[in-house]
Amino acid sequence: MGHDISALRKFVSPEIVFGAGSRKSVANFASNFGGKHVFLVSDPGVSAVGWVGEIVTLLADVGIRTTVYTGVSANPRVDEVMAGAELYKSSECDVIVAIGGGSPMDCAKGIGIVVSDGRHILDFEGVDTIDHPPPPMILIPTTAGTSADVSQFAIISDPKRRFKFSIISKAIVPDVSLIDPEVTETMSSYLTACTGVDALVHAIEAYVSTGSGPLTDSHALEAIRLINRNLEPLVANTADPYLREQIMLASMQAGLAFSNAILGAVHAMSHSLGGFLDLPHGLCNAMLLEHVVAYNFRSAEERFRRVAEAMDIDTRGMGRSEIQKRLMNRIILLKRTVGLEAKLSELGVSVSDIPSLSGFALQDPCILTNPRKSSLRDVQVVYEEAL
């Protein structure tokens, strides 16, 4: 019997501690890794609301020194990764902790790669390019959406090329993810909407991806269900701890799904947009989502039917076009309710930008697992529809 090895699915994830107060175990984990001097990556916003200070104190209480690095933009840049790596080395750190949204977490992953290998971060673009394991990494997400804390992705911006590139490797699955819904209480409702829709896109794209499998499907569908039911009420009332926990759980499950099944055209096109215009990633995803669903629907009808069911649409007796219409309407309504209605043209994209955006999108590894094969023209048409 010959077995097709390409059909095998592996599933990677960090050690995860989920629940209110889980951030407080950071000192325990840093000690277990033999840490004497932690390199703490964050950003000015997270620092301003006090989370950075709390982590520094928790580490100091067990005798661990900390060097804090908050030089991270909303889309982390190549030079910020390199500057962080320099500071890590000159401070002689031995463990990396990141607290923040996707940007500080991705920046921390980039720093980890550079400090163990010594080469420039640009040398690691692509899949499985990392030879030396990074230092131990403990990630604490402050947003419910990006899931950088459970994934094998790091997305870095190269302003010179106006390009966001992906690094995908199980070497950058963090050692520990401390998922603490309490930390998300400082998110604005806009950020809650952006990152919540990002998580929804992760889950939908992972479920219809050509890399999906039984280990990712259950996580993806559950994430869709949780976000569909809880995101709108959470955006309306960001103080509700139960809703925050539900969305944090959904984000984690979406992350476990997409890290292993990979993504699709929404992310490929959204990374291209984010590199070009430096826009919030979740907003880029939101603007493209229903247009890509329409493009992909015929190539994964049965899968999209189950996505619709997970979004509480009763599909019994419905034909294909009716299911597609109801699913798109639900997505559009969800986006409108949480306030993510912008069109690309309103954010400064013009028709003349589309050829360049499309070229970058086709270079993104996420396009490879999209259920429908995409030519340059296909991608251009979807961007045009989102204008």
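The values are calculated or read from the model by the stated rules, or taken from the named source; none is laboratory data. Owing to the predicted nature of the structure, the values given are computational and were not obtained by experimental measurement. In this analysis, Cβ positions are derived from the backbone assuming ideal geometry, glycine residues included, and neighbour counts consider all displayed protein chains. The protein model used for the area step is the full one, side chains on, heavy atoms only, and it has no ligands, DNA or RNA in it. Shrake-Rupley method; radii C 1.70, N 1.55, O 1.52, S 1.80 Å.
Quick look at the values:
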quantity: MRE, 222 nm, helices only [DSSP H, n ≥ 4, -39500 (n - 2.57), over the chain, to nearest 500]; calculated: -16000 deg cm²/dmol
quantity: The chain pair-distance distribution - Cα-Cα, 10 Å bins, rounded %; calculated: 5, 25, 34, 24, 9, 2, 0
quantity: Long-range amide H partners of Asp175 with built H, under 5 Å; calculated: Met137
quantity: Gained length - Ala342 relative to Thr315, 0.36 nm times residue gap less alpha-carbon distance; calculated: 6.8 nm
quantity: Stokes-Einstein translational diffusion, segment 134-235 - Kirkwood Rh over all Cα pairs, 0.890 mPa s, 25 °C, in µm²/s; calculated: 162
quantity: 11 Å reach of a label modelled at Ile332, 7 Å along Cα-to-Cβ, counting backbone N of segment 289-319; calculated: 290-291
quantity: Degrees separating the helix 51-60 axis from the principal Cα axis of the chain, which is the longest one; calculated: 40
quantity: Size descriptor, Kirkwood hydrodynamic radius, that averages inverse alpha-carbon separations across segment 309-387, Å; calculated: 14.9
quantity: For segment 227-272 versus segment 277-312, the gap between their alpha-carbon centres in whole angstrom; calculated: 13
quantity: DSSP-assigned coil residues among trypsin sites (Lys or Arg not before Pro) in segment 121-175, each with at most 14 further Cβ atoms within 10 Å; calculated: Lys160, Arg161
quantity: Mean-position separation - Cα centroids, segment 112-190 and segment 7-35, in angstrom; calculated: 15
quantity: Sequence-distant lysines (8 or more away, or on other chains) whose Cα lies within less than 24 Å of Lys89; calculated: Lys36, Lys109, Lys170
quantity: Accessible surface, 1.4 Å probe, highest first, among residues Asp198, Asp94; calculated: Asp94, Asp198
quantity: Note, ³J(HN,Hα) from phi for segment 39-46, Karplus 6.51, -1.76, 1.60, rounded to Hz, x at Gly and Pro; calculated: 9, 9, 9, 7, 9, x, x, 5
quantity: For segment 174-286, the fraction of alpha-carbon pairs in successive 10 Å shells from zero, as %; calculated: 16, 44, 35, 6
quantity: Sequence-distant aspartates and glutamates (8 or more away, or on other chains) whose Cα lies within less than 13 Å of Lys160; calculated: Asp79, Asp278
quantity: Protein accessible area in the chain, 1.4 Å probe - carbon and sulfur %; calculated: 53
quantity: Acute angle (nearest 10 degrees) that the helix 320-338 long axis makes with the longest principal axis of the chain, alpha-carbon atoms; calculated: 40
quantity: Protection proxy ranking of 349-358, 40-49, 278-287 - average other beta-carbon atoms within 10 Å, highest first; calculated: 278-287, 40-49, 349-358
quantity: Where labels lie 7 Å past Cα in the beta-carbon direction, separation of Met82 and Ser352 in nm; calculated: 3.1
quantity: Mean shadow area of segment 198-261 over all directions, Cα convex hull, nm²; calculated: 3.6
quantity: Crossing angle, helix 102-117 versus the chain [Cα axis fit, 0-90 degrees, rounded to tens]; calculated: 60
quantity: Over the chain, relative contact order from alpha-carbon pairs under 8 Å, at least 6 apart, %; calculated: 16
quantity: Per residue value of the accessible surface for segment 117-160 (all protein chains in place, 1.4 Å probe), Å²; calculated: 35
quantity: Per residue accessible area of segment 273-381, 1.4 Å probe, in Å²; calculated: 44
